[in-house]
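> Got a structure for you, questions after.
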Amino acid sequence: MNMKPWKTKKSEYPLRDRWLTVRADSCETADGVSIAPYYVLEYPDWVHVVALDSENRVLITRQYRHAVGKVCVEIPCGGIEAGEEPVAAAQRELREETGCAAETFLRLSRLHPNPATHSNTIHSFLATGTTIAHSPDLDISEDITCEFLPVLSVLELIDSGEFSQALHVASLMLALRKQGLLGQGTG
């Protein structure tokens, strides 16, 4: 297939905020069809950390997520700060959110959260040899708990809908596959 990208004729920014920038593009398809406005959400790149301890238990976090109005089960994650390398951001987020450190960090993938509307990339990492090093260093708005769970327990949380953050599930599955931990049925 020889698909051609759209042409962006003009861009405006109806919203710029600390976590989100909304860009309104006036576009033209390769066939000459005008599409305006086409909204693009500009976020900084994100990191996901699938952290395993020496027993291959998964470090999960729990925190309130206002958009869905409930406490969600997730993996450590966060935004990459300006000028920060993805692996440094992954190490920082793991340390800040959970107080943990890991012996190794392996890049798993670069994923697009929603290439139709989001401009950013998720950098997923597998952290092994993870241990609790100190107390978390949470932002004033954060209330996060964490614990290590056997793989089977985490998969059950996904099946029950309690672990429902789809992007985190994707990173988790890539990490479990990389470690040969999918399909074992034991924790």
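The values are calculated or read from the model by the stated rules, or taken from the named source; none is laboratory data. Everything quoted here is computed from the prediction, not taken from an experiment. Here Cβ is always computed from backbone atoms with ideal geometry, including for glycine, and neighbour counts include all displayed protein chains.
> Listed residues Leu20, Leu106; which is modelled with pLDDT under 95, closer than 30 Å to Leu126 by Cα and surrounded by fewer than 17 Cβ atoms within 10 Å (Cβ to Cβ)?
Leu20
> Exactly one of (1) of a type outside the set (A, V, I, L, M); (2) part of a loop (DSSP other than H, G, I, E, B); (3) touching a His at 6+ places or on another chain (Cβ under 8 Å) is unmet by Pro136. Its number?
(3)
> Also, quick follow-up: Can Ala90 be described as hydrophobic (A, V, I, L, M, F, W, C), modelled with pLDDT under 95 and either out of contact with any strand residue (DSSP E or B) (no Cβ under 9 Å at 6 or more places or on another chain) or crowded, with 22+ Cβ neighbours inside 10 Å (or both)?
No, not satisfied.
> Within the set of pairs 6 or more residues apart or between chains, which connect a residue that is of a type in the set (A, V, I, L, M, F, W, C) inside the range 1-21 to a residue that is in a strand (DSSP E or B) with Cβ atoms less than 6 Å apart?
Taking only residues 6 or more apart or on different chains, the pairs are Trp6/Cys27; Leu15/Val22.
> Still on this structure: So the check is Cβ under 7 Å with 6+ separation or different chains; which pairs have a first residue in the range 134-149 that's in contact (Cβ under 8 Å) with a residue 24 or more places away in the chain and a second one that's assigned to a loop (DSSP other than H, G, I, E, B) and surrounded by 12 or more Cβ atoms within 10 Å (Cβ to Cβ)?
His134/Gly99; Ser135/Gly99; Pro136/Gly99; Ile144/Pro136; Ile144/Leu138; Phe148/Asp53; Phe148/Arg57; Leu149/Arg57
> While we're looking at this one, here's another question. Glu81 passes all but one of (1) surrounded by 15 or more Cβ atoms within 10 Å (Cβ to Cβ); (2) within 20 Å of Thr121 (Cβ to Cβ); (3) not polar (S, T, N, Q); which number fails?
Of (1) surrounded by 15 or more Cβ atoms within 10 Å (Cβ to Cβ); (2) within 20 Å of Thr121 (Cβ to Cβ); (3) not polar (S, T, N, Q), only one is false for Glu81: (1).
> OK, next. If I go through the range 1-60 residue by residue, how many of them are in a loop (DSSP other than H, G, I, E, B), among the β-branched types (Val, Ile, Thr) and in the same structural domain as Pro150 (by TED's automatic domain parsing)?
Final tally of qualifying residues: 0.
> Then there is this: Could you count how many residues in the range 1-46 are within 20 Å of Gly78 (Cα to Cα) and basic (Lys, Arg)?
Adding up the residues that qualify gives 2.
> Applying the selection to the range 158-170, what residues are surrounded by 14 or more Cβ atoms within 10 Å (Cβ to Cβ) and either among the hydroxyl-bearing types (Ser, Thr, Tyr) or farther than 20 Å from Ala67 by Cα (or both)?
Selection gives Ser164, Ala170.
> Of (1) surrounded by 16 or more Cβ atoms within 10 Å (Cβ to Cβ); (2) under 26 Å from Val22 (Cα atoms); (3) not polar (S, T, N, Q), Cys100 satisfies all except one. Which?
Here Cys100 clears every test but (2).
> Let me ask another. Would you mind finding the one in Phe148, Phe125 that is in contact with an Asp or Glu (Cβ under 9 Å, 6 or more places away or on another chain), of a type in the set (Phe, Trp, Tyr) and either exposed (fewer than 12 other Cβ atoms within 10 Å of the Cβ) or not in a helix (DSSP H, G or I) (or both)?
Within the list Phe148, Phe125, the selection yields Phe148.
> Could I ask something else about it? Within the range 1-17, how many residues turn out to be at pLDDT 95 or above and under 26 Å from the mean Cα position of the chain (by Cα)?
Going through the range 1-17 one residue at a time, the tally reaches 4.
> A follow-up question, please. Would you pick out the residues in the range 109-122 that are of a type in the set (A, V, I, L, M, F, W, C) and either under 11 Å from the mean Cα position of the chain (by Cα) or at pLDDT below 95 (or both)?
Residues satisfying the conditions are Leu111, Ile122.
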